[in-house]
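Chemist: Sharing a structure, written as structure tokens. Questions coming.
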Amino acid sequence: MTSATRLRSFIPLSRVASPGGALVVHDCLPPDAAVTSPTFVAGPWWGVTYKTYLDFLGARNELDYYTIDADCGCGVIRKFGRRSRWWRRHGSRIGRPWRHWRNAVNDFDSAFAVFERHKDALLRLTHVDRFAVRLATSPTSRALPRCR
């Protein structure tokens, strides 16, 4: 599957989510390069979901996102109707990692090397406990069902 094909599979999802809605993407934090092949490999295999996730996010500024450091990396993408406040405030802070990321293009080995070096900034990696606090204090949390 080419990078363009993978990216196209994400685009309809961005059209489905309404402003303020969220998408969750699994397998955004692979443990090592050995499990990140674009073609299926028997045994442990994450594919290149992490790369498609970052390519998708890097091409859009109307989205806010973070990645929870749990269960192989769970990416949460939130859609806004305008340019994300996070990008306006912090976009330049991760500018260099994103430039390195874009330079890797379809070279999967280079992409994973950039990913390993800059994953905290690129993924906006957050611990599950911090995610729980963020969710509990979110203005939209009143609309979410409570776990008992």
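Here, each number is a calculation from the coordinates, and none is a lab measurement. Just so it is clear, the structure is predicted and the values come from calculations on it, not from any experiment. Don't worry about glycine lacking a Cβ; one is built from the backbone with ideal geometry, like all the others, and counts go over all protein chains shown.
Chemist: Cut-off is 10 Å between beta-carbons; in what order do Asp27, Asp109, Asp120 appear when sorted fewest neighbours first?
Modeler: Least crowded to most crowded, the residues run Asp109, Asp120, Asp27.
Chemist: Between Leu125 and Cys72, 0.36 nm times their residue separation minus their Cα-Cα distance comes to what?
Modeler: Extending this stretch completely gives an extra 17.9 nm.
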